[in-house]
Amino acid sequence: MRVIRASLAGPRTDPDQEGVLALVSDLIWAHTPAAHGLEHLRARAAADGVHVYLFLRAASEAAALAQAHAILDGARAPLRAHGYRTAGPLP
């Protein structure tokens, strides 16, 4: 299992931070096909948005990065609809 951290920039003014973290998690899960190997994810509040930790079934670090890119690409439109975008390239 590989872990990839992605940073999402977005609003931090919502008083229901736990609800925001659940929403981000749900949006990613809802738009990720099983073929991308997502086993688990954890969203954590960050100063500029949200850090998302993607736990992936992957044969290598390069494969995990490709899968993480595919996951975030698939969830891009719904995340943007709620004010979130990837904060920069994945490592």
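The values are calculated or read from the model by the stated rules, or taken from the named source; none is laboratory data. Given the structure is predicted, the values throughout are model-derived calculations rather than measurements. With ideal geometry, Cβ positions are generated from the backbone for all residues, glycine too; neighbour counts draw on all protein chains shown. Calculation scope for accessible area: heavy atoms of the full protein, side chains included, ligands and nucleic acids excluded. Shrake-Rupley method; radii C 1.70, N 1.55, O 1.52, S 1.80 Å.
One table, with the values for the structure above:
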| read-out | value |
| --- | --- |
| Test for A75: is it among the small types (G, A, S), touching a helix residue (DSSP H, G or I) at 6+ places or on another chain (Cβ under 8 Å), open to solvent by less than 20 Å² (accessible area, probe 1.4 Å) and part of a helix (DSSP H, G or I) | yes |
| Given (1) at pLDDT 95 or above; (2) open to solvent by 50 Å² or more (accessible area, probe 1.4 Å), index of the condition R85 fails | (1) |
| Where H40 falls short, out of the listed (1) over 11 Å from the mean Cα position of the chain (by Cα); (2) open to solvent by 40 Å² or more (accessible area, probe 1.4 Å) | (1) |
| Residue among H69, H40, H51, H36 that is in contact with a helix residue (DSSP H, G or I) (Cβ under 6 Å, 6 or more places away or on another chain) and not aliphatic (A, V, I, L, M) | H36 |
